[in-house]
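Before any comments, here is the structure.
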Amino acid sequence: GLGLECQPKTSPRQNHSACSDHQPRNLCQRKGDMGQDEEQIGPLVRQWSERSQAAGVTDFVRGKIREIEAEFGIKVFFAVEHSSHVWGTSHADSDWDVKMVYCYEAQRYFSPGELHTAMKKVYGPRESTTIKGVDKAAGSNAGPKHVTDLDVEISGWDVLQFLKLVRSGDATVMEMLLCPMTYINDKALMAEVKSAMDHFCPPSKLARTNTTMAKAILSQIRDNKGKFANMKPGTKQTKSFGYILRNLLSAHVLLSCKTTSQAHLSWCDLCDALEAMTAEALPASADVSELELFSLDVDQFRSFFSRFGQGSLDDPALLIAPDELAATVKVAWEALESAERRLARCAGKEAGKGGGRGAEAEADRAWEELLGGWAARLLHALHPPPPPDSEQPLPAPGGGVRAQAQEARVTAASAGRGSSLDRVGGGRGEMVWC
């Protein structure tokens, strides 16, 4: 009922990556995929589920989402965990970061009033509210605060803004669609959007984004600039390198995937995938860029990430020791340079194809139209129109703006001319509103 009824017959990027000409080994079976049953979910997802339920986070999040729905007149149909719990880099003091997608009733999208295209609510010690699309005078941080013990952040987008981000291949949205840790999820419904993700965001595009973000942080650390200036051993340093190394691992694994939906999010799954890819000799038909994978030492990545999940990162035993820092920086730069070389080869292949822009644009339009139809059916399903008997009749002429408009039409007609409400243009070929 809610999903796309069909898919475009042709798409230059569908079901393959421009960066790989061979089927990757042991990569296509994602642990904890949204479509898998409970017993097939990986240990990290099960650990998250047990921990969030034990801490009361699951009930808390779903309860707060119901409050948000009532406050803003929206319907949340997709909500997932994001950030460190998904990446496997959480620790005892980690907050809970929830991403959601919501929609309004259909008539709100035709109203001249503003819509909240994005919103964020933070609970616990950092409690605040930020709403995009609201006047500052009546907007964020309004109303009483109810501080809780749970450090939870719930943020997200309206469905149309969400689809625009899918269209642009936004990295956060892509990870939302890949995330197996869900609070609210219609698997069949979101599977249709994942098909569009594979088209609009091929693996090389997401790999480039991950590499760029990792390089930006690593460069600031090297140059002692920005918020990473004079960074000393501590939680911030450990988390920063965790973010860098996970992004670089993700980039390398993505460059060996056929589609983005095959990607992995947690560092342990990424290490498993990389280890499987380098466990045996590459076939003769392998892409030359795959040779770069053999320069990566999976054990070094595992050694670094093993500190997460063992308690607070303020524990000196879990911090990056001074003698370990140089080795960590070296691993990061080598992985970054290797990823950049692979991406450069990808760009060369894509440029060498040529002549496909017209077909690509046509496929893009087909996917855009299908996503538009999907959104229309979604709105109808989540907010069905009221029965005809319950519809309120429009007020009869005789007062207010409607009466003034009718009076203007009568006056203009008696004067032998049309009002601005009746006519557009003038002279021959003028358009008259019926």
For this session: For residues that are surrounded by fewer than 19 Cβ atoms within 10 Å (Cβ to Cβ) and free of Cβ contacts under 8 Å to residues at least 60 places away in the same chain, tally how many sit in segment 299-317.
Result: 8
Exercise. Does segment 102-115 contain at least one residue that is out of contact with any helix residue (DSSP H, G or I) (no Cβ under 8 Å at 6 or more places or on another chain), under 15 Å from Ile74 (Cα atoms) and modelled with pLDDT under 80?
Worked result: no
For this session: Read through the list (1) assigned to a helix (DSSP H, G or I); (2) of a type in the set (A, V, I, L, M); (3) open to solvent by less than 50 Å² (accessible area, probe 1.4 Å), then give the number of the only condition that Ala326 fails.
Result: (3)
Seminar exercise, completed: Restricting segment 225-262 to residues that are in contact with a Cys (Cβ under 6 Å, 6 or more places away or on another chain) and within 17 Å of Leu177 (Cβ to Cβ), the one modelled with the highest pLDDT turns out to be Thr260
For this session: Report yes if some residue within segment 184-195 is over 30 Å from Asp93 (Cα atoms), open to solvent by 50 Å² or more (accessible area, probe 1.4 Å) and either at pLDDT 90 or above or assigned to a helix (DSSP H, G or I) (or both); otherwise report no.
Result: yes
Problem set entry | All positions within segment 57-106 that are part of a strand (DSSP E or B) and either among the aromatic types (Phe, Trp, Tyr) or closer than 11 Å to Glu153 by Cα (or both) | Phe77, Phe78, Glu81, His82, Trp96, Asp97, Val98, Lys99, Met100, Tyr102
For this session: Would you mind stating whether Thr238 is open to solvent by 40 Å² or more (accessible area, probe 1.4 Å), part of a helix (DSSP H, G or I) and not aliphatic (A, V, I, L, M)?
Result: no
Exercise. Pick from segment 267-282 the residues that are assigned to a loop (DSSP other than H, G, I, E, B) and open to solvent by less than 60 Å² (accessible area, probe 1.4 Å): which of them is modelled with the lowest pLDDT?
Worked result: Leu282
For this session: Looking only at segment 131-150, decide whether some residue is closer than 19 Å to Lys64 by Cβ, modelled with pLDDT under 85 and in a strand (DSSP E or B).
Result: yes
For this session: Provide a single number: the residues in segment 223-259 that are of a type in the set (D, E, K, R) and without any contact (Cβ under 8 Å) to a residue 12 or more places away in the chain.
Result: 5
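The values are calculated or read from the model by the stated rules, or taken from the named source; none is laboratory data. The structure displayed is predicted, hence computed values, not measured ones. Every residue, glycine as well, gets a Cβ built from its backbone with ideal geometry; the counts of neighbours run over all protein chains shown. To get the accessible areas, we keep the full protein, side chains included, count just its heavy atoms, and leave off ligands, DNA and RNA. Shrake-Rupley method; radii C 1.70, N 1.55, O 1.52, S 1.80 Å.
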